[in-house]
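The block underneath contains the structure these notes are about, expressed in structure tokens.
Laboratory data are not the source of any read-out in this text; all were calculated from the coordinates shown. In this text the structure is predicted, and so the values were computed from the model without any measurement. A quick note on method: Cβ atoms are made from the backbone with ideal geometry, for glycine too, and the neighbour counts reach across all protein chains shown.
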Amino acid sequence: MELLKSKIVQDGKVLSDQVLKVDTFLNHQIDPPLMQAIGEEFAMRFKEEGITKILTLESSGIAPSMMAGLVLGVPVVFARKRKSLTLVDHLYTASVHSFTKGETNEVSVSKDFLKKEDTVLIIDDFLANGQAALGLLDLVEQAEAKVAGVGIVIEKGFQPGGEMIRKQGIRVESLAIIASLENGEVKFVEEAVT
Ligand code: 5GP
């Protein structure tokens with residue numbers, strides 16, 4: 001997605017060979033017109049899949065998911081990283097090791113919001129080692145719902161998550177795939193891998 005790639009080049013900060021900071025438009029401050037375009041792109045790519053629900057992870061997955069949910073006309077559920085005090089049981093729970101924070105979180109979603117009848121599109125901001133996506137896939141599996149695919153805003157193609165999930169036969173659509181962050185420079189994989 002060209003608009004996203006130019007935004008990454010313009011505003012992204014390469015923190016190391018492994019980590020890209022995009023807090024001017026996605027991870028802290030949010031750019032609504034860009035999120036809208038991202039939502040439309042996800043909706044276009046997955047419109048034939050009969051999606052009934054979008055599942056994401058708080059907090060950075062919420063903005064792009066909301067926009068996709070608006071276009072697809074389906075609810076958005078975000079898995080929580082901390083258990084709500086009002087919701088102690090009745091949860092699907094999975095462990096997710098965070099690549100950027102170096103810690104493991106339990107993520108959970110109420111059984112009320114993921115059902116066997118659902119066809120779920122998983123959306124997240126980044127795909128690196130694939131732990132967040134695996135955790136979300138685990139929640140969908142526990143609910144015995146169907147997975148339509150995984151939509152990612154920025155995939156770091158040099159880390160193993162994308163390949164691992166595609167190898168499981170799951171459709172992964174990434175709107176920008178980064179080939180390398182070496183020497184402080186963002187290089188993209190030119191063709192989107194599906
Ligand atoms: P994974 O679970 O695939 O290893 O990592 C995905 C999660 O880690 C995303 O939800 C995202 O929050 C965070 N993440 C991974 N790599 C980066 C990165 O380079 N930049 C930012 N801002 N977040 C990242």
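Note down, for segment 44-186, the three equivalent ellipsoid semi-axes (square root of 5 times each alpha carbon gyration tensor eigenvalue), biggest first, whole angstrom.
Numbers: eigenvalues 113, 68, 36 Å².
The three semi-axes for segment 44-186 are 24, 18, 13 Å.
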**Complete:** The Rg/Rh figure for segment 1-107, Cα atoms and Kirkwood Rh, to two decimals is 1.00
**Message:** Helix-only mean residue ellipticity at 222 nm, the chain, DSSP H runs n ≥ 4 weighted -39,500 (n - 2.57), per residue, nearest 500. What is it?
**Reply:** -8500 deg cm²/dmol
**Fill in**
Over all directions, segment 1-51 yields a Cα convex hull whose mean projected area in nm² is 4.4
**Message:** With both bridge residues required to lie in segment 34-157, what share of the DSSP beta bridges run antiparallel, to the nearest 5%?
**Reply:** 35
**Prompt:** At a Förster distance of 25 Å, what's the computed FRET efficiency of Gln29 paired with Ser95, Cβ-Cβ distance as r, to 0.05?
**Reply:** 0.25
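Scanning the chain for GluC sites (Glu not before Pro) in DSSP loops with at most 16 other Cβ atoms within 10 Å, what's the longest stretch left with none?
1-57
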